[in-house]
Amino acid sequence: MDMGIIAVHGGLDTSREKQYLEILQEAALKGYELLLKSRVQALEAVLQVLEKSPKFNCGYGSVLNFDGIVEMDAAIMDGPSSRFAAVAAIQDVQHPISVARALMEKTSNVILAGAGAVKFARAQGFPVADCIAGRQREAWQKARASLARGEKPAQNLYTGLAAPYGDTVGCVLWDGTGLAAASSTGGCLLKTPGRVGDTPSLGGGIFASKTSAVVCTGIGEAFIETLTAKYVDQVIAAGNEPNQATRLALGRLYEQKKAEGGILAVDARGNVGSTFNAGRFPVVVVAGGRLIDNYQPVNLRAEQVH
Ligand code: ASP
């Protein structure tokens with residue numbers, strides 16, 4: 001296997017400090033080792049590394065909702081078979097992505113939410129796990145105190161903290177024959193309990209087909225209402241490269257919703273493209289088993305007035 005591609009993003013406003021990039025790189029390289037065996041297994045391995053780390057807004061380290069509870073969304077899709085599965089607003093599991101994978105492989109359901117998702121996870125043997133990291137609890141307390149004083153919280157919506165931190169994660173890959181995508185998140189800080197974002201919304205924040213694999217990050221509602229991930233797939237199917245497709249999609253998202261976001265895509269020839277319009281959007285790419293040096297997504301922020 002020397003022609004596969006794995007690209008992993010660390011979400012909007014994620015720090016580009018070495019310690020964050022190193023975890024993204026570790027995750028991508030780990031996934032690459034499994035790429036020849038199974039696309040789905042490779043995706044799960046990538047996301048498990050990030051869900052385990054307290055540095056990203058997924059799994060342990062997720063942002064807290066308005067009530068101070070972690071509710072997570074995760075999804076996985078295999079392009080050639082068009083098989084998809086997602087869990088939404090799931091609590092108390094270390095690896096939401098693994099629950100989504102089990103749902104895809106062991107049932108005919110495609111989305112499980114809330115208590116039903118937790119029940120399924122337990123039945124599959126996933127133990128109870130506390131996903132609340134100390135830094136996120138403190139940040140939530142401060143954010144709620146700011147609201148109580150009638151002030152706008154200083155914390156970043158995506159990363160949960162005022163200091164540099166990590167956000168939602170996503171991965172797209174091509175194994176030389178097929179494409180696949182996966183994503184995992186705690187959503188947005190102070191979200192309404194029960195709220196589900198674009199991460200598990202097929203065609204909104206994630207999509208994979210024979211043409212492309214796409215993952216998105218940003219204000220979930222905007223991605224869902226514009227079916228942005230599916231739009232990227234259509235633009236690639238019409239003959240455009242992923243860089244152009246993600247650029248067009250983000251322009252369209254901004255035009256329709258004035259929203260911030262980041263999009264990462266790969267096509268069936270192994271071309272990777274990524275575009276964002278926020279502060280930061282770190283992406284790492286492993287091609288042919290090796291990390292691409294200093295890969296940089298296209299930043300449209302300067303062209304768009306927020
Ligand atoms: N898209 C995620 C959501 O709306 C948030 C994020 O990307 O940080 O749940």
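The values are calculated or read from the model by the stated rules, or taken from the named source; none is laboratory data. Predicted model only: the values in this text are computed from it and were never measured. Cβ placement follows ideal geometry from the backbone for every residue including glycine, while neighbour counts extend to all protein chains displayed.
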Scanning region 167-178 residue by residue, the ones that are out of contact with any helix residue (DSSP H, G or I) (no Cβ under 8 Å at 6 or more places or on another chain) and either buried (at least 24 other Cβ atoms within 10 Å of the Cβ) or acidic (D, E) (or both) total 5
Those strands (runs of 3 or more DSSP E) lying entirely in region 53-155 with at least 3 residues buried (at least 24 other Cβ atoms within 10 Å of the Cβ) and in contact with a strand residue (DSSP E or B) (Cβ under 9 Å, 6 or more places away or on another chain):
72-78, 83-90
Look through region 231-254, keep the residues that are among the small types (G, A, S) and closer than 16 Å to G79 by Cβ, and return whichever of them is farthest from the ligand (Cβ to nearest atom).
A237
From the option list K257, K210, single residue qualifying as within 16 Å of the ligand (Cβ to nearest atom) and surrounded by fewer than 24 Cβ atoms within 10 Å (Cβ to Cβ) is K257
Being touching a Phe, Trp or Tyr at 6+ places or on another chain (Cβ under 8 Å) and more than 8 Å from the ligand (Cβ to nearest atom) is the filter here, so list the residues in region 185-200 that pass it.
L189, L190, T192, P193
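Pick out the one residue from G203, G220, G273, G251 that is over 28 Å from Q91 (Cβ atoms), surrounded by 17 or more Cβ atoms within 10 Å (Cβ to Cβ), in contact (Cβ under 8 Å) with a residue 24 or more places away in the chain and out of contact with any Phe, Trp or Tyr (no Cβ under 8 Å at 6 or more places or on another chain).
G273
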With criteria (1) of a type outside the set (D, E); (2) more than 16 Å from the ligand (Cβ to nearest atom); (3) not in a loop (DSSP other than H, G, I, E, B), V172 comes up short on (2)
Filter result (within 15 Å of Q136 (Cα to Cα), touching a Pro at 6+ places or on another chain (Cβ under 6 Å) and not acidic (D, E)) within region 67-98:
M72
Kindly indicate whether any position in region 223-230 is surrounded by fewer than 24 Cβ atoms within 10 Å (Cβ to Cβ), within 10 Å of the ligand (Cβ to nearest atom) and modelled with pLDDT of 95 or more.
yes
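For region 1-50: of the residues being over 25 Å from L103 (Cα atoms), among the acidic types (D, E) and touching a residue at least 60 places away in the same chain (Cβ under 8 Å), which is surrounded by the fewest Cβ atoms within 10 Å (Cβ to Cβ)?
D2
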Let me confirm something: among Q25, Q48, Q91, Q41, which residue is within 20 Å of G194 (Cα to Cα) and at pLDDT 95 or above?
Q91
Among the residues of region 7-45, which ones are β-branched (V, I, T) and under 25 Å from E260 (Cα atoms)?
V8, T14, I23
Condition first: more than 16 Å from the ligand (Cβ to nearest atom) and either basic (K, R) or within 19 Å of T199 (Cα to Cα) (or both). Now tell me which residues in region 260-281 satisfy that.
V266, R269, G273
